[in-house]
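The values are calculated or read from the model by the stated rules, or taken from the named source; none is laboratory data. Treat the numbers as computed from the prediction; the structure is a model and nothing was measured. Every residue, glycine among them, receives a Cβ derived from its backbone with ideal geometry; neighbour counts consider all protein chains shown. Protein only, heavy atoms only, side chains kept; ligands, DNA and RNA dropped before computing areas. Shrake-Rupley method; radii C 1.70, N 1.55, O 1.52, S 1.80 Å.
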Amino acid sequence: MASSDEEITHHFRFFHEYKDGRVVIHRPPVEKLPPSDDPVTGVRSKDAVISSEPAVSVRIFIQKSADSTQKLPLLFYIHGGGFCMQSAFSAQHHNFLNTFVAKANVIAVSVEYGLFPTRPIPACYEDSWAALQWVASHSNRNGPEPWLNDYADFQRVFIGGNSAGGNISHTLAVRVGSIGLPGVKVVGVVLIHPYFGGTGDDRMWLHMCPTNGGLEDPRLKPAAGDLARLGCERVLIFVAEKDHLMDVGKRYYEELKKSGWGGSVEIVENLGEEHCFHLHNLKYDKAVAVIDKFVSFVKQDR
């Protein structure tokens, strides 16, 4: 007879959990790439540790040709992965940011945040906020990271992410609008195929967040008051036609428009495409279109 510990008590899209508390993620761990000087894009990267306990770090990307007399917009990026998978250091996200930084001529900071089950939600939100505050600590040009001191324009900061990272990006913009981020102006937020509540994945998010506030938790279902105080001027949302999250992305767009928020919002639908398709082949014409639209959004006021 099988031990009762082998009984599966919870089964979700990305993982299952046994009676004894063991969690098995359904996809293998991603291979993590080291920072590098990329000869193809001309972008170099390096890592910085923000906190050892809990473990929070970032990867910073910049063009090798950057000139410190010409300050660059800063993109703070949050990777996706269902709050339990992926990494800022995976090939998908590393290569995406190499490509984006080369095209947009920005400095990018990609956060490596805590994942379920080792660190349940809200670790992802708290780690990302800590990393954004760390970035802001360089606005007086005397922070611990020279690239940020020397190259970043803290009056042109953007926050963006895909999937779970889009959800986290929203929560950061709410915090900026609620309590501020001294020395920093967040111009825009980009949500690529963002995750929000309203699908069969709701139960999974609630399980990963033991301190959840139920289906009305504002991190799951953005509250009208939170949308009204988003701490940025512009929002760009991508949704994909064949993504089960398409409708919740469209709902976010509609709710933001009627919230009383004073900024401008645009939505782009990726026809015929699946969730986060753009990360799988950066040279695919529709992936190039996503990146180019993201680039033009950042360059809009330059």
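For the pair Val49 and Leu271, label points projected 7 Å from Cα toward Cβ lie 5.1 nm apart. Considering only Gln92, Gly81, Pro120, the residue lying farthest towards the positive end of the dipole of the chain is Gln92, judged by Cα position with unit charges set on Cβ.
Here the ratio of the Cα radius of gyration of the chain to 2.2 N^0.38 Å is 0.98.
Between Asp301 and His244, the contour length at 0.36 nm per residue exceeds the Cα-Cα span by 17.2 nm. Given a 10 angstrom Cα cut-off, can you work out which residue in Thr211, Thr171, Thr69 is the most mobile in a GNM of the chain? The residue with the greatest mean-square fluctuation here is Thr69. Summarising the overall dimensions of the range 91-205 from its C-alpha atoms, the Rg and Dmax are 14.8, 46 angstrom.
Take every DSSP beta bridge whose two residues both sit in the chain; close to 45 percent of them are antiparallel. Taking the dipole about the Cα centre of the chain, with the C-beta of Lys and Arg at +1 and of Asp and Glu at -1, give me whichever of Val109, Val239, Ser139 is farthest to the positive side. After comparing all options, I get Ser139. Computed over protein heavy atoms with a 1.4 Å probe, the accessible surface of the chain works out to 42 Å² per residue. Residues in the range 191-200 carry Karplus couplings, in order, of 10, 9, 6, x, 8, 9, x, x, 10, x Hz; the curve used is 6.51 cos²θ - 1.76 cosθ + 1.60 with θ = phi - 60°, and Gly or Pro positions show x.
Sorted by mean Cβ packing within 10 Å, highest first, what order do the peptides 88-99, 23-34, 104-115 take?
Peptide ranking by packing, descending: 104-115, 88-99, 23-34.
What separates the Cα centres of the range 216-249 and the range 179-199 is a distance of 9 Å. Each helix, a run of at least 4 DSSP H residues, gives -39500 (n - 2.57); summed and divided by the residues of the chain, these come to -9000 deg cm²/dmol at 222 nm. Each residue of the range 251-259 was assigned a 3J(HN,Hα) from its phi angle through the Karplus curve 6.51 cos²θ - 1.76 cosθ + 1.60 (θ = phi - 60°); the sequence is 5, 4, 4, 5, 5, 5, 4, 9, 7 Hz, with glycine and proline shown as x. Here the accessible area of the range 157-270 is 51 percent carbon and sulfur, with a 1.4 angstrom probe and all protein chains present.
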